[in-house]
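These notes are about the structure you will find just below.
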């Protein structure tokens, strides 16, 4: 059964959805004043520092040496590459449209799981993947019928790297909590982003206050606080609830973008986004049906282990 709507766990989940959805329009504000490189580094670095400050309170453990290569992969793909590509794509792609394209990330995760982890691809997963990619194609073509826009393809590449990150976190989540994995990845991502410091220093000196505030908001709230309350919520809620909540990020992002930036989505984008989300729903519905039906009760994040922990979505939005 799903918990009461007014419970702290559900409120934390709802807060995560709003924070992650608001990141897409906030990126548009930051890019205008800072540029892609500076916004990417500042967001990653601010989030890493904030998570490291929270780490002792959240009892985040040091990672084992054997896990450092996989943590490095998570940081390079799901943090550094993802942020750079998403910010680059949003130079021209509307914030709401970007959120619809990023929603296809689970498709690439399950395909990688089949390729490297030998996870079985059922008929529903194959069909869901085709449907989700078709939806992404519709969204990408919304700006014109002559072909995919380059910026849309760049955002879609960000979704691919996010899918790689989800895939790479699976073995880590069998030994660490979601918050621990997110912290490790953010710190690793900061290390990979260090070459962006010269461009960041130059851009930050000339950036308007609104752009700097946007970078601070992105690092502290959607990234750092979002991970903390997400870890709190998913450790105490049924998997179906946390998974379903992620489906709400694109529509909430569309609403926030409309209110904040005045962006009105193209009807074709809405259709394509709905098709993509339907495909992702089909994939996740099959994966949930394969799991044991034992309910999850109250407890600390470390109570989630084994297959259930590995299937928890851990995002780097």
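The values are calculated or read from the model by the stated rules, or taken from the named source; none is laboratory data. Quick caveat: nothing in here was measured; it's all calculated off a predicted structure. Note that we place each Cβ from the backbone using ideal geometry, even for glycine, and neighbour counts take in every protein chain shown.
Can you name the helices (runs of 4 or more DSSP H) wholly within the range 200-317 that have at least 1 residues being over 21 Å from the mean Cα position of the chain (by Cα) and at pLDDT 65 or above?
In the range 200-317, the matching helices (runs of 4 or more DSSP H) lie at 209-218, 249-261, 267-289.
Filter the range 87-97 down to residues that are at pLDDT 95 or above and farther than 14 Å from residue 149 by Cα, then give me how many there are.
1
So, of the residues in the range 142-157 that are surrounded by fewer than 24 Cβ atoms within 10 Å (Cβ to Cβ) and modelled with pLDDT of 90 or more, which turns out to be farthest from the chain's Cα centre (by Cα)?
Here the residue is 154.
Do we find that residue 60 is surrounded by fewer than 22 Cβ atoms within 10 Å (Cβ to Cβ), touching a residue at least 40 places away in the same chain (Cβ under 8 Å) and not in a helix (DSSP H, G or I) in this structure?
Spelling it out, residue 60 is indeed surrounded by fewer than 22 Cβ atoms within 10 Å (Cβ to Cβ), touching a residue at least 40 places away in the same chain (Cβ under 8 Å) and not in a helix (DSSP H, G or I).
Does residue 75 satisfy the criteria of being in a helix (DSSP H, G or I), touching a residue at least 24 places away in the same chain (Cβ under 8 Å) and under 21 Å from residue 96 (Cα atoms)?
Spelling it out, it is not the case that residue 75 is in a helix (DSSP H, G or I), touching a residue at least 24 places away in the same chain (Cβ under 8 Å) and under 21 Å from residue 96 (Cα atoms).
Within the range 40-54, identify whether any single residue is farther than 22 Å from residue 153 by Cα and modelled with pLDDT under 95, and answer yes or no.
Among the residues of the range 40-54, at least one is farther than 22 Å from residue 153 by Cα and modelled with pLDDT under 95, which makes the answer yes.
For residue 180, which of the numbered conditions (1) modelled with pLDDT of 85 or more; (2) more than 17 Å from residue 83 (Cα to Cα); (3) surrounded by fewer than 24 Cβ atoms within 10 Å (Cβ to Cβ) fails to hold?
Only one criterion is unmet by residue 180, namely (3).
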